[in-house]
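Data first, discussion second: the structure below is written as structure tokens.
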Amino acid sequence: MKEFTMKNLISIGDLTKDEIFEILQLAIRLKGERSKGIFPNGLEHKTLGMIFEKPSTRTRTAFEVAVVELGGYPIYLNWNDLQLGRGETTADTARVLSRYLSCIIMRANSHSTIIDMVKNASVPVINALSDIEHPCQLLADLMTIYEKKGALSGMKLAWIGDGNNVCNSAILSCALMGMSVDVACPPGYEPNGEILRRGQQLSAVRILRDPLEAASAADILYTDAWVSMGDEAASALRARAFSAYRIDSKVLDAAKSDAIVLHCLPAHRGQEITDEVMDGPHSAVFDQAENRLHAHKALLLKLLC
Ligand code: CP
Ligand code: NVA
């Protein structure tokens, strides 16, 4: 297997365009093989620790299944069951866990905790979601777009809603792959400034206010929760700010006739997406969720083998 330049995956921008393509191609191959009952190994005698400071359905399960199917052993480590929850430092935890584990997969409230882990770990660290980015999500999303559209470069993605962690990784990865991105968000809820500037250096990335303008001629519509994990205290304020930011049939009609709809999930039906769209013929959200498994497998093989 070709050697990867990166050791960790903290930002989707850690990967080059070619490396992303390699991961997607491997993920698609693994998906095809799995459907025929073929399960290649690669992680034998490797034990992966998964530290979660926040809840997870997809990321945790997809990583656990990925590791098991590749012949490795996953250990789920809930933040509050570790001494981390009682104040042991991230740095000391990183140094100790690196003596046992082949890789640390980490979901944390603050991106700086993941950076702290990377700086002090001697094994690869994977960001399984922080307040700034969700790189593993975008690998599955790009895979889904590639499967459905047959290409990435030249596609237009419209993001409707909060300029959050998933939006940041979407901007960075789509721009890297030669896609354009229109983000429709209310004032005060724009994506990370540094990521936006980097995205704009790579491709056409605009911040708009009108969801219909953003959706116009889009190949992909993407949305996420109005209230992300950690933003709960501002739920009422956010519900007001985002009330016009949802993917409904009007927004879908503004996009290309063959547009696909993505949502990283969990969805809040009736808020950022309607039932009609989520369960309709343009929705790719459940294929997208499945692709977490295949994309995680490909990432682990590229990083660890
Ligand atoms: N999309 C995603 O990361 O979902 P979970 O929070 O369930 O892992
Ligand atoms: N933006 C959401 C994504 C969940 C997968 C959150 O951070 O809660």
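Selection over region 117-173 of residues that are away from ligand 1 (no atom under 12 Å from the Cβ), under 22 Å from residue 105 (Cβ atoms), of a type in the set (Gly, Ala, Ser) and not in a helix (DSSP H, G or I) gives a count of 2.
Among the residues of region 49-65, the one identified as within 13 Å of ligand 2 (Cβ to nearest atom) and of a type in the set (A, V, I, L, M) is 62.
Restricting the search to region 111-143, which residues are among the hydroxyl-bearing types (Ser, Thr, Tyr) and within 12 Å of ligand 2 (Cβ to nearest atom)? Selection gives 130 alone. The numbered conditions (1) in a helix (DSSP H, G or I); (2) loosely packed, with under 13 Cβ neighbours inside 10 Å; (3) away from ligand 2 (no atom under 16 Å from the Cβ); (4) of a type in the set (Gly, Ala, Ser) are all true for residue 298 except (2). Just need a number here: residues in region 62-88 that are free of Cβ contacts under 8 Å to residues at least 60 places away in the same chain, of a type outside the set (Asp, Glu) and under 23 Å from residue 229 (Cβ atoms). Total satisfying the criteria: 13. The set of residues in region 122-157 that are over 30 Å from residue 283 (Cβ atoms) and buried (at least 24 other Cβ atoms within 10 Å of the Cβ) contains only 125. Against the condition surrounded by 20 or more Cβ atoms within 10 Å (Cβ to Cβ) and at pLDDT 95 or above, how does residue 218 come out, does it pass? Judged against the criteria, residue 218 is a match. Checking each residue of region 260-275 against the condition of being farther than 16 Å from residue 170 by Cβ and touching an Asp or Glu at 6+ places or on another chain (Cβ under 7 Å) gives at least one match. Working only within region 160-213, note down all residues that are among the polar types (S, T, N, Q) and either more than 20 Å from residue 10 (Cα to Cα) or free of Cβ contacts under 8 Å to residues at least 60 places away in the same chain (or both). Result: 168, 180, 200, 201, 203.
Here region 61-78 is the region considered, the condition is being surrounded by fewer than 17 Cβ atoms within 10 Å (Cβ to Cβ) and at negative phi, and the residue that is farthest from ligand 1 (Cβ to nearest atom) is 73. I'm trying to understand the selection: among the residues of region 54-92, which are in contact with a strand residue (DSSP E or B) (Cβ under 8 Å, 6 or more places away or on another chain) and among the polar types (S, T, N, Q)? Once the filter is applied, which keeps residues that are in contact with a strand residue (DSSP E or B) (Cβ under 8 Å, 6 or more places away or on another chain) and among the polar types (S, T, N, Q), region 54-92 yields 56, 59, 78.
Being within 16 Å of ligand 2 (Cβ to nearest atom), of a type in the set (Val, Ile, Thr) and closer than 20 Å to residue 283 by Cβ holds for only one residue in 160, 195, and it is 160. If residue 244 meets every condition in (1) farther than 21 Å from residue 178 by Cα; (2) in a helix (DSSP H, G or I); (3) aliphatic (A, V, I, L, M) apart from one, which number is that one? Evaluating residue 244 over (1) farther than 21 Å from residue 178 by Cα; (2) in a helix (DSSP H, G or I); (3) aliphatic (A, V, I, L, M) leaves (2) as the failure.
Going through (1) within 16 Å of ligand 2 (Cβ to nearest atom); (2) out of contact with any Ser or Thr (no Cβ under 8 Å at 6 or more places or on another chain); (3) closer than 21 Å to residue 26 by Cβ one by one, residue 148 falls short only on (1). One residue alone among 20, 105 is touching a Ser or Thr at 6+ places or on another chain (Cβ under 9 Å), within 16 Å of ligand 1 (Cβ to nearest atom) and β-branched (Val, Ile, Thr), and that residue is 105. Being of a type in the set (Gly, Ala, Ser) and buried (at least 16 other Cβ atoms within 10 Å of the Cβ) is the filter; apply it to region 252-295 and report the residue that is farthest from ligand 1 (Cβ to nearest atom). Within region 252-295, the match that is farthest from ligand 1 (Cβ to nearest atom) is 254.
Could you list, in sequence order, all residues of region 43-60 that are in contact (Cβ under 8 Å) with a residue 60 or more places away in the chain and surrounded by fewer than 17 Cβ atoms within 10 Å (Cβ to Cβ)? 54, 55, 57, listed by residue number.
The values are calculated or read from the model by the stated rules, or taken from the named source; none is laboratory data. The structure displayed is predicted, hence computed values, not measured ones. Counting neighbours? That spans all protein chains shown, and the Cβs are built from the backbone with ideal geometry, glycine included.
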